[in-house]
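Every number in this text was worked out from the coordinates using simple rules, so none of it is lab data. Only a predicted model underlies this, so the values are computations on that prediction, with no experimental measurement involved. Glycine also receives a Cβ, built like all others from the backbone with ideal geometry; neighbour counts cover every protein chain displayed.
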Amino acid sequence: MVPKGFRGITLFPFIFLRDANDKSNATLIHHEKIHLRQQLELLIVPFYIVYFLEWLIRFCIYRNSYVAYKTLSFEQEAYRNEHNFEYLKTRKLFQFLRYF
């Protein structure tokens, strides 16, 4: 279920991990929980549409799938806040827009 090269993927309402040992990786789990919140605020299906369209645009710009992924607004929000375990308690709606 988890694409090659990745450790986890969130498909609401589930978090899938490549390795069972990652269940104890608080940073990874928190990163994925940020994605759960993003998915909820965009009503789930629109999240995946926006995610894919943004990835496609960034892929056309960078011509590199990994760079396109790393520069996605959803991923930037999750990566920049994955170590802040208080983040979801104070996060305002649509914070991923700050990273467009």
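Tabulated data for the structure shown
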quantity	calculated
Interchain or long-range residues, amide H under 5 Å from L11's placed H	F16
Under 13 Å, Cβ to Cβ, from K92 - net charge with Lys/Arg +1 and Asp/Glu -1	+2
For the chain: lysine pairs under 20 Å (alpha-carbon distance), excluding those fewer than 8 apart on one chain	6
Dipole axis of region 8-85 (+1 Lys, Arg; -1 Asp, Glu on Cβ), positive-most option in N81, F16, Y66	Y66
Net charge, D22 excluded, C-beta distance under 10 Å - Lys, Arg +1, Asp, Glu -1	+1
For region 8-85: rounded, prolate or oblate by the Cα gyration tensor [a/c cutoff 1.5]	prolate
